[in-house]
Amino acid sequence: MPTPANDAPLEVACPQCSKPVVWSPESAYRPFCSKRCQLLDLGAWAEESHRISGESAMDEADLDALLAQADRDASLS
């Protein structure tokens with residue numbers, strides 16, 4: 001079995017502050033460097049500063065129109 005070329009542990013940058021974090025079971029907050037950075041990131045998701053791009057969700061008016069159309073279609077059949 002070949003030996004790895006580099007025995008150094010994997011290091012990643014903390015997504016919040018960019019401090020290097022060793023990726024190991026001893027790093028309790030990985031990929032974050034600390035509980036503080038983990039909570040700051042969670043807060044950003046909660047206030048919707050972080051988002052996953054995609055189509056906009058339907059607003060209530062669009063949903064009402066779609067339901068009304070479905071009711072009309074159902075009554076025709």
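The values are calculated or read from the model by the stated rules, or taken from the named source; none is laboratory data. Predicted model, so just to flag it, every value in this text is computed and none were measured. In this analysis, Cβ positions are derived from the backbone assuming ideal geometry, glycine residues included, and neighbour counts consider all displayed protein chains. Please note that ligands, DNA and RNA were not included when accessible areas were found on the heavy atoms of the full protein model with its side chains. Shrake-Rupley method; radii C 1.70, N 1.55, O 1.52, S 1.80 Å.
Restricting attention to segment 18-30, the residues being aromatic (Phe, Trp, Tyr) and open to solvent by 90 Å² or more (accessible area, probe 1.4 Å) number 1. Among the residues of segment 40-58, the ones that are in contact with a Pro (Cβ under 8 Å, 6 or more places away or on another chain) and without any contact (Cβ under 8 Å) to a residue 24 or more places away in the chain come to 0 in all.
Considered as a group, the residues in segment 31-71 that are hydroxyl-bearing (Ser, Thr, Tyr) and over 15 Å from the mean Cα position of the chain (by Cα) include one that is least open to solvent (accessible area, probe 1.4 Å), and that residue is Ser34.
One residue stands out among those in segment 29-77 that are assigned to a helix (DSSP H, G or I) and of a type in the set (Lys, Arg): the one that is farthest from Pro15 (Cα to Cα), which is Arg72.
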